[in-house]
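Below is one structure, written out as structure tokens, with a few remarks after it.
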Amino acid sequence: MARHESPCPIEWQECAVTKEPAPFPTVSGIESWLKDIAHDFTLGWIGIDEFITLVMTHAFGRVPLPPEVAGILTATHLLRNASSEDRQGIQQLATAWFTDQSPAITDPTRWHLRSVVRTPGTPSLALTGHNDVVTDITTFIGPNDRQLLASTGLHGTLCVWDPETGEQVGDTITDRHGLSEHLAAFTDSNERVLLANAGRRGPIRFWDAITGKAHEKPLVVHDKILTVLVAFTTDGGSPRLALGLSAPDSSHVEIQIWDPIARRQTGLLTGHTNQVSGITVFQGPGDRVQLASASFDGTVRIWDPGAGKQVGNTITVPGLGGLHGITSWQEDGLRLAVTTDEGMLQLLTPGTCHQQTAPLVDRNDGARAVRGPQGVLSFPGPEGILLASHGPDDLIRIWDPSTGKQMGTPLRGHLSSVRAFTALSSHSGRPLLATASIDRTVRIWDPMSCLAQRDAVPWEDADALTMETITVSDGTVLLATAGADDTIRLWDPTSGLQAAPPLHKFAALQTALTTFTDPDGKTLLASAGGDDVVHILDLETGQLSKTLVGHTEWINAIAVFHTSQGATRLVTASEDATLRIWDPFTGKQIGKPLRNHPDAMEQLATWTAPSGGPRIASAGWDGAIHVWNAETGQKLDVPFRGHTDLVTGIVPFPHCDDIRLASTSEDGTLRIWNPETGQQLHMAKLESATQFWQIALMTAIPTRPQLITSELSGHLRIWDEHANLLHSFDLKTCLWNVVPFPDGTLGVGLDDGWAVVRVPV
């Protein structure tokens, strides 16, 4: 895969781990080796996905991989959540690494990742001193007024770093007394910086941040689960620790305030009814130090730790579930931001007559809600406060709280989930972010530089929301993708490399693609989307040749058909509740718009009826499917009714000497129809609550049509023409689209890229 130069002014390092490759057995012994390794990990503390990530990084080290192997390995969420059907792929990677053999399809009956393309990582400075999961980080001022960074690993390693250079300061501190999940820093009366670390069950141990020596006796918290550890300074300048504590069954929750020098408790804050998930420190009225806490009980409380009491009313955050993170800043008064179980980033304005809340993430955005933020951090930007969030998708997102909009593209680089992050500044005062991850690294990011240079990133957003296969004049099959960066890109599906520069930078997201040929045999591409028009692109030149104007709202689908006289036509479906037919060579609309849906039209399909003449099937939010004579514009008979929710896909397929129509819906059903009569012939319903998203026809075996459905949940399913389920696979990631290639492989649109996969036939 191609490497891209960093747009950032700092000398950034590629993702790497310091662990040298571990001794690895033969391919036949990989399963037993994985089981042996598993005994060395506390799987109760890390999930199987993190375990697989650790195993893979441990095995492969930082030695460069062959491009074809690196392309697959980069799809970390596909590998670390590998199912039994994917085990062969893991074995092939091990073989390629240790024997210099290229991955090959040794068993075509097994699920196999052929190539994967992912969004390139954002430049970052990788700090690689830990040999286990990095669970927490904190900053402090060291000698010569240098801002330093401290991190702790799950198994008790503590490291101090210079965040400007990435160099470790001093030796690694090793706490051999148990797991470490929390870290804080404070300065004692002798101006020494001390680090406090602890696991979920304590005790809290103290270390000299510069010398690495253990400092006096630990602080023991009996029979409590430690969920939060935060250091702050009192109004009088004395250090304090705020401890979020709960009983093992969360029946008793409290925040304890401790003097870490005297080892005595100085305050007790009670009121939450479930675990405290985050604490933020700020200057309240009269410059008094105050705390704000977020809890899994769905509330935020503000405290005066000196007085040991709550300040103001409890803030209940709208929505379901608890809160995961909290941050604070001053902007015409106190502002807070919290993250919720629903994947929401919520803004709070305490102190008003009614608590003001505003979400930064649309509740109806299902994809965003699934991968939504879990932690949140405020930091100063060039023109005001910005927010950073991290979630289960391993990405860091930057938000402008004044507009509620995400800025730039997500920061990518971690191989697994982010556990903690903090803000810091460079010597020049430039804001930086530091993140700690399960992938055993700490990363330093320059969000402003990367945001400023985002246009220099070759592939700003890899979401393959729309895909189409293209056969060019020499017979080469390419993959066209339209993503959230408002471009269309052509790819070689075998190598995973771009076959040409981006075709065009559109004014809005393109969500519909199709191809056709002109009278001279030249392949053209038609695209449409949020700008309400159809674009005709010359694939040889990449230039825009025609624009078809007529729709008044978003165009959701586009298809090609041929008249009885052989003329090429395009048909489009729009949220303006119309179908429109076009001559793509003149740019003229043919006839009047076709109207019969009460709401937006979402899906299209075209075919030639056995009796002759082109047909169009359309569907939308009402669940009904309408069939039209494409030449006359007349609707055939009554609509096909059966689906009870949005129709997400329609595909015609041959059956003997006839045509059948397959449709999928968010109601979780696959239905097979006779398009001439409207009769439903077969139906299958998913047992789980997952919803179909797209459907395609696999033609590797012309005499035996197979239907491929994809789901946002990550499942691909293969069905026969009678809606019988043949195979089911779980890719463990969000699937937007699926298209078949002539050789029987499938192009799959992922949440942040695409993959080509081979499935059993």
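The values are calculated or read from the model by the stated rules, or taken from the named source; none is laboratory data. Predicted model, so just to flag it, every value in this text is computed and none were measured. Glycine also receives a Cβ, built like all others from the backbone with ideal geometry; neighbour counts cover every protein chain displayed.
Of the residues making up segment 605-639, just one is within 24 Å of Pro519 (Cβ to Cβ) and within 34 Å of the chain's Cα centre (by Cα), namely Thr606. Filtering segment 697-721 to residues that are under 13 Å from Pro654 (Cα atoms), surrounded by fewer than 21 Cβ atoms within 10 Å (Cβ to Cβ) and at pLDDT 80 or above leaves Leu697, Pro705, Asp720, Glu721. Just to be sure, is Asp235 of a type outside the set (S, T, N, Q) and farther than 17 Å from Ala307 by Cβ? When the stated conditions are applied, Asp235 does not pass them. Remark: pairs (first residue in segment 305-317, under 13 Å from Leu348 (Cα atoms); second residue at pLDDT below 90 and assigned to a loop (DSSP other than H, G, I, E, B); Cβ separation under 6 Å; 6+ apart in sequence or on different chains) = Ile315/Gln355. Within segment 400-415, the set of residues being in a loop (DSSP other than H, G, I, E, B) and either surrounded by fewer than 19 Cβ atoms within 10 Å (Cβ to Cβ) or modelled with pLDDT under 80 (or both) comprises Ser402, Thr403, Gly404, Arg412, Gly413, His414, Leu415. Entry remark, segment 503-518: residues being touching a residue at least 40 places away in the same chain (Cβ under 8 Å) and either farther than 22 Å from Trp582 by Cα or not aliphatic (A, V, I, L, M) (or both) number 8 in total. Residue pairs whose Cβ atoms lie under 6 Å apart, separated by 6 or more positions or on different chains, with the first residue in segment 585-610 and free of Cβ contacts under 8 Å to residues at least 60 places away in the same chain and the second of a type in the set (Phe, Trp, Tyr) and in a loop (DSSP other than H, G, I, E, B), are Asp599/Trp621; Ala600/Trp621. Residue selection: Phe506 fails the criterion of being out of contact with any Asp or Glu (no Cβ under 9 Å at 6 or more places or on another chain) and either under 30 Å from Gly166 (Cα atoms) or modelled with pLDDT of 80 or more (or both). Within segment 675-683, is there a residue that is in contact with a Gly (Cβ under 9 Å, 6 or more places away or on another chain), more than 22 Å from Thr481 (Cα to Cα), of a type outside the set (D, E, K, R) and at pLDDT 85 or above? Checked segment 675-683: at least one residue is in contact with a Gly (Cβ under 9 Å, 6 or more places away or on another chain), more than 22 Å from Thr481 (Cα to Cα), of a type outside the set (D, E, K, R) and at pLDDT 85 or above.
Count, please, the residues in segment 223-238 that happen to be part of a loop (DSSP other than H, G, I, E, B) and touching a residue at least 12 places away in the same chain (Cβ under 8 Å).
Filtering segment 223-238 for residues part of a loop (DSSP other than H, G, I, E, B) gives 223-224, 234-238.
Those left that are additionally touching a residue at least 12 places away in the same chain (Cβ under 8 Å): 223-224, 234-235, 238.
Going through segment 223-238 one residue at a time, the tally reaches 5.
So which residues in segment 514-542 are of a type outside the set (A, V, I, L, M), farther than 13 Å from Ser473 by Cβ and not in a loop (DSSP other than H, G, I, E, B)? Scanning segment 514-542 gives Thr514, Phe516, Ser527, Gly529, His535.
How about segment 416-448: which of its residues are outside any strand (DSSP E or B) and buried (at least 23 other Cβ atoms within 10 Å of the Cβ)?
The initial filter retains those residues of segment 416-448 that are outside any strand (DSSP E or B), namely 416-417, 426-430, 438-441, 446-448.
Correct list: Ser416, Ile438, Asp439, Arg440, Thr441, Asp446, Pro447.
The set of residues in segment 132-150 being farther than 13 Å from Val418 by Cα, touching a residue at least 60 places away in the same chain (Cβ under 8 Å) and touching an Asp or Glu at 6+ places or on another chain (Cβ under 9 Å) consists of Gly142, Gln147, Leu148, Leu149. Every condition in (1) buried (at least 22 other Cβ atoms within 10 Å of the Cβ); (2) not in a loop (DSSP other than H, G, I, E, B) is met by Thr122 except one, and the failing one is (2). In segment 303-390, counting only strands (runs of 3 or more DSSP E) that sit wholly within it, the ones holding 3 or more residues that are modelled with pLDDT of 90 or more span 309-316, 323-330, 334-340, 375-381, 384-390.
Would you confirm whether any residue within segment 723-738 is more than 20 Å from Glu602 (Cα to Cα), surrounded by fewer than 21 Cβ atoms within 10 Å (Cβ to Cβ), touching a Leu at 6+ places or on another chain (Cβ under 8 Å) and at pLDDT 85 or above? Yes: segment 723-738 contains one or more residues that are more than 20 Å from Glu602 (Cα to Cα), surrounded by fewer than 21 Cβ atoms within 10 Å (Cβ to Cβ), touching a Leu at 6+ places or on another chain (Cβ under 8 Å) and at pLDDT 85 or above.
Right, Asp492: touching a strand residue (DSSP E or B) at 6+ places or on another chain (Cβ under 7 Å), acidic (Asp, Glu) and at pLDDT below 85 or not? So Asp492 fits the description; yes.
Of the residues that sit in segment 612-655 and are among the hydroxyl-bearing types (Ser, Thr, Tyr) and either touching a Pro at 6+ places or on another chain (Cβ under 9 Å) or touching a residue at least 40 places away in the same chain (Cβ under 8 Å) (or both), which one is farthest from Leu735 (Cα to Cα)? First the steps, then the outcome.
First, the residues of segment 612-655 that are among the hydroxyl-bearing types (Ser, Thr, Tyr): 618, 632, 644, 648.
Narrowing the set further to residues that are either touching a Pro at 6+ places or on another chain (Cβ under 9 Å) or touching a residue at least 40 places away in the same chain (Cβ under 8 Å) (or both) leaves 618, 648.
Working: Ser618: 23, Thr648: 13 Å.
Going through the qualifying residues, I end up with Ser618.
Scanning segment 424-442 for residues that are closer than 18 Å to Leu387 by Cβ and touching a residue at least 60 places away in the same chain (Cβ under 8 Å) returns Leu424, Ser425, Leu432, Ala434, Thr435. Does at least one position in segment 212-221 carry a residue that is at pLDDT 90 or above and part of a loop (DSSP other than H, G, I, E, B)? Scanning segment 212-221 turns up at least one residue that is at pLDDT 90 or above and part of a loop (DSSP other than H, G, I, E, B).
If you check Leu183 against the conditions, is it within 19 Å of Gln256 (Cα to Cα), surrounded by 22 or more Cβ atoms within 10 Å (Cβ to Cβ) and in contact with an Asp or Glu (Cβ under 7 Å, 6 or more places away or on another chain)? If you could, list the steps in order and put the result at the bottom.
Values: within 19 Å of Gln256 (Cα to Cα): yes; surrounded by 22 or more Cβ atoms within 10 Å (Cβ to Cβ): yes; in contact with an Asp or Glu (Cβ under 7 Å, 6 or more places away or on another chain): yes.
Answer is yes for this residue.
A residue that is in contact (Cβ under 8 Å) with a residue 40 or more places away in the chain, buried (at least 18 other Cβ atoms within 10 Å of the Cβ) and small (Gly, Ala, Ser) occurs nowhere in segment 541-549. Scanning segment 492-503 for residues that are surrounded by 19 or more Cβ atoms within 10 Å (Cβ to Cβ) and either hydroxyl-bearing (Ser, Thr, Tyr) or more than 22 Å from the chain's Cα centre (by Cα) (or both) gives Pro493, Leu503.
Is it the case, given these coordinates, that Ile261 is part of a loop (DSSP other than H, G, I, E, B) and either touching a Gly at 6+ places or on another chain (Cβ under 6 Å) or not charged (D, E, K, R) (or both)?
Working: part of a loop (DSSP other than H, G, I, E, B): yes; either touching a Gly at 6+ places or on another chain (Cβ under 6 Å) or not charged (D, E, K, R) (or both): yes.
Yes: the conditions hold for Ile261.
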